[in-house]
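Novice: Submitted below is the structure of interest, expressed as structure tokens.
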Amino acid sequence: MKDIFTIIFRLTLSCVLAGTVMGTTFVLTNKAKKHNEHVKEERVAFSLLGFKGEVPESVTMETAYRYVLSRGGDQFIGYLMPRQESKEGGYRFLQLDLDGNLAEKYRVDITAEQAAGAKERDQSISAVLPQGVEMRFAEQFKIVFRDGVRSAYLISGKFPGFKTHIAVMMALDSDFSIIGFEVLEHEEDPGLGGEIEKPYFKNQFKGKSFEVVQDLEVVKSPIPEDYLKALEVDIPPEAVKKVMQQHRGDDIYALTGATISTVAVTEGLKGMIKKFAYRVNVLDSVIDNQQIAVSF
Amino acid sequence: MMNGKALSRILGAALALLFLPAVLQAAGIISDNSFGDDNEIMVEFSTPVDGEAVQNTDNYTVFEENDPDIRLKLEEVVLAPDNMSASLRFAAPLNTTQTHVVKIEGISGKAEEIFRVSKSYLGYLFSVLIGSLLIKNFVFTKYLGLCVFFGTSKKKTTAKGMGVVFTLVMVATGIMSWFFYQYVLKPYNLTFLQIVVFIGLTSLTVQAIDTILRKVNPVLFNSFGVFLVLVIANCVVIAVPLIMASNEYNFFETFMLSLGAGGGFLLALYLMSSVSERMRLAKIPPTFQGLPIAFIVAGQFAMAFLGFSGLKLF
Amino acid sequence: MANDKTNFQLVANGILAENPIFKLALSMCPAVGISTTVMNGVMLGIAVLFVQVFSSVTISLFKNVIHPRIRIPTYTLTIATWVTVIDLTLAAALPEAYAKMGIFVKIIVAFAIITMRLEMFACKEPVQASFWDGLGMGLGFLVGMVVIGFVRELLGSGAILGYDVLGFKPLLFFILPSAGFFVVGLMMAFFNYIEIAYKRSKGQK
């Protein structure tokens, strides 16, 4: 009898001890993990935009968030945009109907830090919305300003690849031409589909204008020698520029043994850009028409 | 066997539940819908419809469920001669991984007919099963469970026994872990305890199956029971709940995952043991005898299974 | 059973005579699965070393308090705790390298080698000896992983630790996971060969 009690007692004690050790580690490492994620995201974002090392003072970045709202049978798109008087912070929540007209606008007084946290952000928005409106977070995107003028966008997206999915972050110019993109997650085969991470593939998309991207296809032919050298930056910068200019209108050359992955990335990026461009234009006309004071 | 009947009844009820939405949908004018070619949605009607209204692309609003503000461009609607089905052709290929919402005006008494098109969920579940069975075979593609694998793949009978026991434990552990994860770990923010909890559940399951098998079917126990001990410290069994947690699978997906994992393990063991039995008659150099040659054979199997990569059934 | 081996002999034992991967043939899953680069091997090796050493020391410290009937659950609990600790730490400190290893860090909890070592050594031996033994076993694993990783990375992508050494890719095959089986199998054969040759030379004397 006494045996069983000692067993149970000691077992419980060890469980508690183990739990404390794990719990402490969790608390300590969680903060570090979140911080690292944030730093990594920023690093990827800035390197995509072409800043190596120090970021100039004139360049600032704001984050905007998009939601899908539903009230009864109707649906709306909501944008949480930073207010123009960005020194004090604060956001405006714009509710647009599906045809791109402004339905409502609200003030949401939270700081950028608070907006970065999903739960806090959701709660603050729910607080200003009327009863009976359901909201679902859709995506977030970053707007890059240079001397206060909109100069670039950073969008992320996820689309199906050959294996499971591919997650990317893309930098777009103010006219929606591609500045570059980074593959964040993928499960493609190393050496085959995994080559989508290599510069000679990613750089093919660099600088392609919005019109070119609209009809972008994948061709199953090898990359021309001069183009390959430029893509891998094996030649001096002026030569790279010239060659890239020449091939700007080219379709994407498929990766050897990974045509499906190539097509997946091309179609995925195309879709992302088309949707984003459409939405930005809608937002722009709403903000212009209604003279809303947001940083955009 | 009692357990078998009850199990199949539960499975039948679960499947019926999955089909229910399709049955309910048949009540309206739209009797069926699915994705056709790359840029096509097929619709079937329960009664012949007004040709003009159906073929007028202006009556349609189509968008992906998550992007209601992006309207997809419908190029033409091709109606079948009997006016009972139609094919919606779009300008650009559709992203079939997303659920699409289609609204049609003016083809029935109601102002608008709305229906959703998505890939069959049952198909998706089945693809999870095939995925963990072949494409991501736990032994040959994920390289788990190797210790036990090499130890018990010498004879076909041991292989079969081991495989069956594993599948049983994996399914039981998978389901229990799912409950624990969804209702205890996640709500209380204790996900970091998942390793301890999962291995605890594994040991418990093995103990439980051991005891139950001893009492219910001693004959079965005598043939398979000895393998149970080996199961506890094994990568494969703990891998199932870990994958479930990192992919956030729901109940049915977890069930399919564990079934496929166990089945894949059984398949791998069976294949390996068949080759093992033949190798015993071959002349193997002394340095290669035992584990080295087993590894090389396993490597060849792994190469063969690489062929399943990218298989898409649904 | 008092152990007369010196600390150095304990460590050497773990690396050579009772090397977990090549001699004891335990915990082979990661050896095959993620030894595609030396870095992966190093990281997982360090993780296993950490878990092995800490678990051995913990069990050795508490060996008089652990009730014999619940010793297996206690071992499991200890190992699981330390695995969780190293898992959380790696995820926070080295997120990119951690992501490449997938669930293999978490799977350390199921490694037979660690439980076996606790059962055979740590629960009987004093703390200091357990520490060195754990260190030896962990190092043996680390060495094994690094060697396999070295071969596969060099022959597969022509690089070591990410630095391009050969300038070309000899055989893509080696990075593909199935090559892990081949490389480990061949290395085991090699170890066997050395052992047989050694025994033969001794026998002849």
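Since every read-out is calculated from the coordinates, none of them should be taken as a lab result. None of these values were measured; they are calculated from a predicted model. Cβ coordinates were reconstructed from backbone atoms using ideal geometry, including for glycine residues, and neighbour counts include every protein chain displayed.
Novice: Using all C-alpha to C-alpha distances in the range B:26-119, build P(r) with 10 Å bins and read off the rounded percent in each one.
Specialist: 17, 56, 26, 1
Novice: Please sort by residue number the GluC sites (Glu not before Pro) in the range B:87-130 whose DSSP state is loop and whose Cβ has at most 14 other Cβ atoms within 10 Å.
Specialist: On the way: sites: B:Glu105, B:Glu112, B:Glu113; in loops: none.
Hits after loop and neighbour filter: nothing returned.
Novice: Taking θ = phi - 60°, what integer Hz values does the Karplus form 6.51 cos²θ - 1.76 cosθ + 1.60 yield along the range B:192-200, in sequence order, with x for Gly and Pro?
Specialist: 5, 8, 4, 4, 5, 4, 5, 5, x
Novice: Greater than 30 Å separation of Cα atoms is the criterion. Which listed pairs, A:Lys119/A:Lys198; B:Lys160/B:Lys312; A:Lys163/A:Lys220; B:Lys73/B:Lys110, meet it? Write down the numbers at each step before the final one.
Specialist: Details: A:Lys119/A:Lys198 36 Å; B:Lys160/B:Lys312 28 Å; A:Lys163/A:Lys220 20 Å; B:Lys73/B:Lys110 24 Å.
Too far apart for the 30 Å limit: A:Lys119/A:Lys198.
Novice: I've got another one for you. What is the Cα coordinate range of chain C on the first, second and third principal axes, sorted by size from largest, in whole angstrom?
Specialist: Over chain C, Cα extents along the principal axes are 57, 56, 25 Å.
Novice: If you don't mind, another one. Explain nothing, just the number: dipole magnitude of chain A about its Cα centre with +1 on each Lys and Arg Cβ and -1 on each Asp and Glu Cβ, in debye rounded to the nearest 20.
Specialist: On the way: 36 positive and 42 negative charges, 169 e Å.
Magnitude of the dipole: close to 820 debye.
Novice: Provide B:Glu52, A:Glu232, A:Glu62 in ascending order of the number of other Cβ atoms located within 10 Å of each residue's Cβ, fewest first.
Specialist: Ranked by crowding around the Cβ, least crowded first: B:Glu52, A:Glu232, A:Glu62.
Novice: Another one. Out of the range A:20-67, which trypsin sites (Lys or Arg not before Pro) are coil in DSSP terms and have no more than 12 other C-beta atoms within 10 Å?
Specialist: Details: sites: A:Lys31, A:Lys33, A:Lys34, A:Lys40, A:Arg43, A:Lys52, A:Arg66; in loops: A:Lys52.
Sites meeting the loop and neighbour criteria: A:Lys52.
Novice: Would you give the gap between the C-alpha center of the range B:177-213 and the C-alpha center of the range A:218-241, rounded to a whole Å?
Specialist: For the range B:177-213 versus the range A:218-241, the Cα centre distance is 54 Å.
Novice: Looking only at Cα atoms, what is the convex hull volume of the range A:1-46 per residue, in Å³? All intermediate terms of the calculation are to be shown ahead of the outcome.
Specialist: On the way: hull volume 1.9 nm³, N = 46.
Taking the convex hull of the Cα positions in the range A:1-46, it is 42 Å³ per residue.
Novice: Also: Along the Cα→Cβ direction, 7 angstrom out, place labels at C:Asp164 and A:Met61. What is the inter-label distance in nm?
Specialist: Spacing of the two 7 Å Cα→Cβ label points: 2.8 nm.
Novice: Which one of B:Ser276, B:Val139, B:Leu257 is farthest out on the positive end of the charge dipole of the range B:122-308, using unit charges on Cβ (Lys, Arg +1; Asp, Glu -1) and the Cα centre as origin?
Specialist: It is B:Ser276, whose Cα lies furthest towards the positive end.
Novice: Same structure again: Taking the Cβ of each residue in A:Thr63, C:Thr76 as the centre, tally the other Cβ atoms inside 10 Å and list the residues starting with the fewest. Present the calculation step by step, with values, prior to reporting the outcome.
Specialist: Values: A:Thr63 16, C:Thr76 22.
In order of increasing Cβ crowding within 10 Å: A:Thr63, C:Thr76.
Novice: So if R0 is 45 Å, what FRET efficiency would A:Phe210 and B:Tyr270 give, r being the distance between their Cβ atoms, rounded to the nearest 0.05?
Specialist: On the way: r = 56 Å, r/R0 = 1.23.
FRET efficiency, A:Phe210 to B:Tyr270: 0.20.
Novice: Given points 7 Å out from each Cα along the Cα-Cβ axis, report the B:Gln182 to B:Asp50 separation in nanometres with one decimal.
Specialist: Output for this residue pair reads 4.5 nm.
Novice: Setting aside same-chain residues fewer than 8 positions from A:Lys241, which aspartates and glutamates have a Cα under 19 Å from its Cα?
Specialist: A:Asp173, A:Glu225, A:Asp226, A:Glu232, A:Asp250, A:Asp251
Novice: Quote the FRET efficiency, to the nearest 0.05, computed for C:Leu94 versus A:Lys229 with a Förster distance R0 of 35 Å and r equal to the Cβ-Cβ distance.
Specialist: Working: r = 35 Å, r/R0 = 0.99.
Rounded to the nearest 0.05, the efficiency is 0.50.
Novice: Would you mind calculating the relative contact order of the range B:122-308 from Cα pairs under 8 angstrom and at least 6 residues apart, reporting the percent as a whole number?
Specialist: On the way: 206 pairs, mean separation 83.7, N = 187.
Relative contact order here is 45 percent.
Novice: For C:Asn7 and C:Val65, FRET efficiency with R0 = 35 Å and r from the beta-carbon atoms, rounded to 0.05? Can you show the working numbers first?
Specialist: Working: r = 25 Å, r/R0 = 0.71.
Here the calculated transfer efficiency is 0.90.
Novice: With label points built 7 Å along Cα→Cβ from the Cα atoms of A:Glu41 and C:Lys124, find their separation and express it in nm.
Specialist: Using points 7 Å along Cα→Cβ, the separation is 5.5 nm.
Novice: Where does the protein assembly as shown land at 222 nm, in deg cm²/dmol rounded to the nearest 500, when only DSSP H runs of n ≥ 4 count, each adding -39500 (n - 2.57), divided by all residues?
Specialist: On the way: 27 runs with 421 residues, N = 815.
Helix contribution divided over all residues of the protein assembly as shown: -17000 deg cm²/dmol.
Novice: Ok, one more. So what are the ³J(HN,Hα) numbers for the range A:148-161, from phi and the Karplus equation (6.51, -1.76, 1.60; θ = phi - 60°), rounded to whole Hz, Gly and Pro as x?
Specialist: Rounded to whole hertz, the list is x, 9, 4, 10, 7, 10, 10, 10, 10, x, 9, 9, x, x.
Novice: On alpha-carbon atoms, Rg over Rh for the protein assembly as shown using Kirkwood Rh?
Specialist: Working: Rg = 30.1 Å, Rh = 30.3 Å.
We get a ratio of 0.99 for the protein assembly as shown.
Novice: Would you order C:Leu49, A:Leu98, A:Leu172 from fewest to most other beta-carbon atoms within 10 Å of each residue's own beta-carbon? The partial results should precede the final answer.
Specialist: Values: C:Leu49 20, A:Leu98 16, A:Leu172 25.
Final ranking by Cβ density, sparse to dense: A:Leu98, C:Leu49, A:Leu172.
Novice: Using only Cα atoms, locate the centre of the range A:272-296 and the centre of the range C:77-133, then give the distance between them in Å, rounded to an integer.
Specialist: Result: 53 Å between the Cα centres.
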